[in-house]
Amino acid sequence: MREGEKDPGLYDFRPYRGRPKLAWPDGKQVAVWVSPNIEFYELDPPANPHRKSWPRPHPDVVGYSHRDYGNRVGHWRLAEAMSRHGFPGSVSLSVAMCQHLPEVVADAAARGWEFFSHGIYNTRYSYGMDEAQERALIEDSIRTVREATGQTIKGWLAPALTHTPRTLDLIAEYGLSYTCDLYHDDQPGEVHVKSGRLISMPYSLEVNDHYGFFVYNMSPRDYADTLIRQYQRLADEGGTVMCIPLHAYLIGQPHRIGPFEEVLRHIAADGRAWITRSGDIADHYMQQVAA
Amino acid sequence: MSLDPAYLDYPLRKRGMDHGYYPYSNLFERPPLAWPSGKAVAVAIVVNLEWFPILPADKPFRAPGHMVTPYPDYRHYTAREYGTRVGFYRMLDAFAKVGARVSVAANGAIAERYPQIIADILADGHEIVAHSTDMNGTIASGLPEDEERALIAAALDALERVTGMRPRGWMSIARSQSFNTPRLLAEAGLAYMADWVNDELPYRFETGAGAIVNVPVNHELSDRQIVTVQQQSADSYVEQMMDAYALIKSEASALGASRMLPLNVTPYVMGLPYRIGALERLLGWLANQDDAAFHSLSEIGAALR
């Protein structure tokens, strides 16, 4: 990005109207990817000078144990529901999960899910890192996921959405192909970087379960209805990407997983969805569309 | 600009949790527990019965539901008292109608100020859970250990003086603890606490002064979360609890395991005239489920031993 300028220069302006239509495999209209955030929050992390890890003094019992619920209960419930309806996950991973709770990572890997990096912990932020520190974070992510799963990460969702002005250039330099941190489009597109090729992968905060339940205060059934409306519209328009970003500690709750499973059932039955993983969408796009 | 190099050290990055309180455990690989009723799903009703002084304290933090306006905040002081005088009695009648024994997480101040309420709770066979002294009795790191120990003792003493029994369980205000709390609760002889929300079954929690049982009372399923925070209707709350029950029951059936459904309700929320009918409808529906039984937190915690 252009640091210090009013326009960070992340991408070219390309209005939605008049674009050539993107073609997905088998004539599908919308690429649908489900993104469970598999995260580890620390009980007593060190302080980042730019952002507090927890809103309350440590231990933030409800904050911490709510997240821990995702790994003890929610993941297993969500993963089973996704597998039942043929949805692989594209995991935004706190890579320290590979050390702390490898059984969760191994379960996701055995289901054919893809992993990309969401930092080391969701309680360690990139704000304030110098270049060497940020390189260490990226190299750690690549190495840790490779050792745990054999996969080479292709994507990045910044830890707790904390960035530096050089993050996008660095992940492109390390050979990653997509970022999930830019929310300007319903289709992939080129991101300006110093070297390599990086595309933006449509993720979503608007239909993220965290926004659904804690920003928009939706009931579980309202959230399910929101996802179905989002899907219907993007499938009608065609050539689009729909991401369903989830947290097992939220969507895996007993009052929420049932309505959510109806969304998976709906999308799987509709027939217009390319139900896939973020890395597969990136590979397909980069082959189809020249940089 | 750079961060202190220690910020990129991860001394606890190893197998398991980043603390010694409990090991990781997948709910779906747990040895089965059995409830006293033998039913698959224990419905644990937990009522918070609280007294909010009109002079709020902010150390270590102001309790949720506490005073809002400049002094004197008649509106919140009396609206909370409404729950205790009126709403709670509607709830007691609703519980009696379906034969539900519940757990009442009561401030010590309730016993000191309103011993008649404690007598009415006990007469209906409900359990009393210690819930601090009054709504100024919040706990968080920064509260000196001797003050926290004294606060726990004062709450237990106040309840014991009126009930004749030492409470066996503890629920902190807003489920907020310090690093000392689990140890102080174990040292005070409590059998269980109901603060950590990371599970759907009771589990052992190491405190440094022996183990205590944590009985998770899911805050996401509470009326405060759904109705007060998320601003959903009483009917939506009921629908969400029915959906939760259906899911938990289906998992219990598939696994041949027992499960719990915690219903955390608040007299000044669900005890209002326009909401109590929804709660009564939910209770009646739950009472008619073949696989459900109402159990106290003590009964659920004791199933672990």
Among B:221-232, B:174-185, what's the highest-first ranking by average C-beta atoms within 10 angstrom per residue? B:174-185, B:221-232
Across the residues of B:246-253, average count of Cβ atoms on other protein chains within 10 Å? 3
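Ignoring ligands, DNA and RNA, what percent of the 1.4 Å accessible area of the stretch A:25-288 is carbon and sulfur?
In the stretch A:25-288, the share of accessible area belonging to carbon and sulfur is 47 percent.
Given a 1.4 angstrom probe, what's the average accessible area per residue across the stretch A:25-288, in square angstrom? Don't skip to the answer; put the middle values down first.
Values: 8310 Å² over 264 residues.
On a per-residue basis, 31 Å².
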Given springs between every Cα pair under 10 Å in a Gaussian network model of chain A, which of A:Tyr249, A:Tyr16, A:Tyr127 has the largest fluctuation? A:Tyr16
Rounded if a/c is under 1.5, else prolate if a/b is larger than b/c, else oblate: which is the stretch A:25-288, with a ≥ b ≥ c the root eigenvalues of its Cα gyration tensor? oblate
Can you give me the Cα centroid spacing of the stretch A:200-243 and the stretch A:38-103 in angstrom? 21
Considering every residue in A:21-27, what mean count of other chain Cβ atoms within 10 Å of its Cβ is obtained? 0
If I take R0 = 22 Å and measure r between the Cβ atoms of B:Ala96 and B:Ala246 in this structure, what FRET efficiency does the formula 1/(1 + (r/R0)^6) give, to the nearest 0.05? 0.30
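Dipole size in debye (nearest 20) for the stretch B:34-302 around its Cα centre, Lys and Arg Cβ +1, Asp and Glu Cβ -1?
Roughly 300 debye, rounded to the nearest 20.
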Which three numbers, in whole Å and largest first, are the semi-axes of the equivalent ellipsoid of the protein assembly as shown derived from its Cα gyration tensor as √(5λ)? 45, 27, 22
Just to make sure I understand: if all protein chains stay in place, what is the order of A:His255, A:His163 by accessible area at 1.4 Å, largest first? A:His163, A:His255
Rounded to the nearest 10 Å², what accessible area does B:Glu280 have for a 1.4 Å probe in the complete protein model? 90
Note down the magnitude of the dipole of the stretch A:25-288 about its Cα centre, charges +1 on Lys and Arg C-beta and -1 on Asp and Glu C-beta and zero elsewhere, to the nearest 20 debye. 280
Which one of B:Ser37, B:Gly20, B:Asn48 is farthest out on the positive end of the charge dipole of the stretch B:12-56, using unit charges on Cβ (Lys, Arg +1; Asp, Glu -1) and the Cα centre as origin? B:Gly20
Out of all DSSP beta bridges in chain B, what portion is antiparallel? Express it as a percent rounded to 5. 15
Compactness relative to 2.2 N^0.38 Å, alpha carbon Rg of chain B: 1.01
Within the protein assembly as shown, what percent of beta bridges assigned by DSSP are antiparallel, to the nearest 5? 15
Pick from A:Pro254, A:Pro88, A:Pro20 the residue whose mean-square fluctuation is largest in a GNM of chain A, springs joining Cα atoms under 10 Å. A:Pro20
If the elastic network links every pair of Cα atoms under 10 Å, which of B:Leu12, B:Leu190, B:Leu261 fluctuates the most in the Gaussian network model of chain B? B:Leu12
Shielding of A:217-223 by partner chains, average beta-carbon count, 10 Å: 4
Mind ranking B:Val265, B:Val162 by accessible surface for me, highest first, 1.4 Å probe? B:Val162, B:Val265
Buried accessible surface, A vs B, both sides, probe 1.4 Å, in Å² to 100, equals 4900
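Quick one: which of A:Lys154/B:Lys249; A:Lys52/B:Lys59; A:Lys194/B:Lys14; B:Lys14/B:Lys39 span more than 30 angstrom between C-alpha atoms? Please report the intermediate quantities before stating the final value.
On the way: A:Lys154/B:Lys249 40 Å; A:Lys52/B:Lys59 20 Å; A:Lys194/B:Lys14 36 Å; B:Lys14/B:Lys39 39 Å.
As for pairs spanning more than 30 Å Cα to Cα, those are A:Lys154/B:Lys249; A:Lys194/B:Lys14; B:Lys14/B:Lys39.
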For the charge dipole of chain A, defined by +1 on Lys and Arg C-beta atoms and -1 on Asp and Glu C-beta atoms about the Cα centroid, which residue among A:Gln151, A:Ala23, A:Phe40 has the Cα displaced farthest towards the positive pole? A:Ala23
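For chain A, what relative contact order do you get, as a whole percent, if you take Cα pairs closer than 8 Å and at least 6 residues apart?
The value is 28 percent.
The values are calculated or read from the model by the stated rules, or taken from the named source; none is laboratory data. Keep in mind that this is a model prediction, so the values were computed, not measured. Note: ideal-geometry Cβ built from the backbone for every residue, glycine included; neighbour counts use all protein chains shown. The protein model used for the area step is the full one, side chains on, heavy atoms only, and it has no ligands, DNA or RNA in it. Shrake-Rupley method; radii C 1.70, N 1.55, O 1.52, S 1.80 Å.
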